[in-house]
Protein chains: 2
Amino acid sequence: MTVRALIPFKPVNPKSRLSGVMNREEREAFARAMLDDVVAAIRGAGCTPLILSTVPFRYPGAETLVNAGGLNESLNEILPGLPGATLIIMSDLPLAIPETITRMLTTGANISVVPGRGGGTNAIFLKNPARFRADYYGGSFLKHLTVAEEFGATVEVIDSFRLSTDVDEVEDLVEVLIHGRGKSREYLASLGFALVAENGRVKVERAGMRG
Amino acid sequence: MTVRALIPFKPVNPKSRLSGVMNREEREAFARAMLDDVVAAIRGAGCTPLILSTVPFRYPGAETLVNAGGLNESLNEILPGLPGATLIIMSDLPLAIPETITRMLTTGANISVVPGRGGGTNAIFLKNPARFRADYYGGSFLKHLTVAEEFGATVEVIDSFRLSTDVDEVEDLVEVLIHGRGKSREYLASLGFALVAENGRVKVERAGMRG
């Protein structure tokens, strides 16, 4: 049986912190490109995507569910009904590659987890999802460690720059342009985003716009 | 023969972008604590430290050199004279642990490298340092890939959140408090730094001061 990968996704007006450099239509296309990269990575590692969308949404070849309530409520309703090992992975991880997902799936522990910058949980693999309780937002990484400890699960923290890099801010686009290999990077380039060196650092600029 | 680890270090008035939350003496002590964590990590992986300091500096049990000119000039003067495989690792990587260093040292390629956020080079392992040319600042990760390509070296990019996390900004302190296991975390705690949840995110605050 393949591992199911639950991917929360917000198709409408996503990534508001990028509003200064992309209009709404562009942010929606960019969020979709990032989702494509995540789906490609999890499929490359042998997982089956299950997209949990905030609104009705169709994705070619993937099952989708509408997450009408909050993320935690929806996940905690879905998880107990899932038949086997499950990955929960965010949709804004455009540097995801199959190798890193495989590192997660091959853990010897009950749970493997990749923290995001700032204390979030970017990806978590649960061999027994029924016992888990999702608690996203506000330092979810440490909270999820506590949840795991409470039910006696062993946890491996996977040390990955690629999966720790969630894209929210303009400065995060630098990472996509440097390290991206997929559709997100391609889409940014098509919009005119490029790297520029400034005062010994690298920044991103959009042609005709300051990034 | 053990691998030598070159560690550039600035003991005097370092980490100016932390000036809003630490005075100069504290920033110097914090930089030193981060250096201690890096030295412990490389020693744990079997490397011997060689500290390249901007001013005369003594470090217990480690050889030190004074880097009178710029970083690139000094490294490019030193590298050809080194007898064997060499690691160059920055001193502001308080999440470094021996396991990640070992991942670098056991590469099958001629060079392994860990990018920092924003396109820097946080650590680079050179089996043949004599042929390398350091080119730090301004997107050094991509420049170092080009240098390697020019002399036909194979390169493995090591995917590590821990080594990609260099600490420059106040928000980077969050990572030290969440993931740190060494002296840097301890020092921040001793100064009264702690994690606080705010609007679904985690920030750092210093007792009696806004972080």
Among (1) surrounded by fewer than 20 Cβ atoms within 10 Å (Cβ to Cβ); (2) at the interface with chain B (Cβ under 10 Å from one of its Cβ atoms); (3) not β-branched (Val, Ile, Thr), the one test that A:GLU205 misses: (2)
Among (1) away from chain B (no Cβ under 12 Å); (2) surrounded by fewer than 22 Cβ atoms within 10 Å (Cβ to Cβ); (3) more than 24 Å from B:PHE141 (Cα to Cα) - the single one A:GLU186 does not satisfy: (3)
Is it fair to say A:GLY200 is within 13 Å of chain B (Cβ to nearest Cβ) and within 20 Å of B:TYR136 (Cα to Cα)? yes
Filter pass, B:PHE141 being under 27 Å from B:ARG185 (Cβ atoms) and in contact with a Pro (Cβ under 6 Å, 6 or more places away or on another chain): yes
Can you name the residue in region B:136-156 that is touching a residue at least 40 places away in the same chain (Cβ under 8 Å) and more than 27 Å from B:GLU175 (Cα to Cα) and, of all such residues, is farthest from the other protein chains (Cβ to nearest Cβ)? B:ALA153
Of the residues A:ARG133, A:ARG117, which single one is touching a Ser or Thr at 6+ places or on another chain (Cβ under 9 Å), modelled with pLDDT under 95 and charged (D, E, K, R)? A:ARG117
Kindly provide the set of residues from region B:143-158 that are surrounded by fewer than 17 Cβ atoms within 10 Å (Cβ to Cβ) and either in a helix (DSSP H, G or I) or hydroxyl-bearing (Ser, Thr, Tyr) (or both), ordered by number. B:THR146, B:GLU149, B:GLU150, B:THR154
Considering only residues that are surrounded by fewer than 22 Cβ atoms within 10 Å (Cβ to Cβ), in a loop (DSSP other than H, G, I, E, B), within 12 Å of another protein chain (Cβ to nearest Cβ) and touching a strand residue (DSSP E or B) at 6+ places or on another chain (Cβ under 8 Å), which ones fall in region A:66-125? A:GLY116, A:GLY118
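Quick one: in region A:2-29, of everything that is among the charged types (D, E, K, R) and in contact with a strand residue (DSSP E or B) (Cβ under 9 Å, 6 or more places away or on another chain), which residue is farthest from A:ASN72 (Cα to Cα)? So that I can check it myself, show each step before the final result.
Let us first name the residues in region A:2-29 that are among the charged types (D, E, K, R), namely A:4, A:10, A:15, A:17, A:24-28.
Okay, now just the ones that are also in contact with a strand residue (DSSP E or B) (Cβ under 9 Å, 6 or more places away or on another chain), so A:4, A:10.
Numbers: A:ARG4: 18, A:LYS10: 14 Å.
It comes out as A:ARG4.
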Residue list for region A:157-167, restricted to those being in contact with a Leu (Cβ under 8 Å, 6 or more places away or on another chain) and either among the hydroxyl-bearing types (Ser, Thr, Tyr) or more than 10 Å from every other protein chain (Cβ to nearest Cβ) (or both): A:THR165, A:ASP166, A:VAL167
Checking A:ASP166 against (1) surrounded by 15 or more Cβ atoms within 10 Å (Cβ to Cβ); (2) under 23 Å from B:TYR136 (Cβ atoms), which test does it fail? (2)
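The values are calculated or read from the model by the stated rules, or taken from the named source; none is laboratory data. Computed from a predicted model, the values in this text were never measured in an experiment. For neighbour counting, all protein chains shown are included, and Cβ atoms are generated from backbone atoms with ideal geometry for every residue, glycine included.
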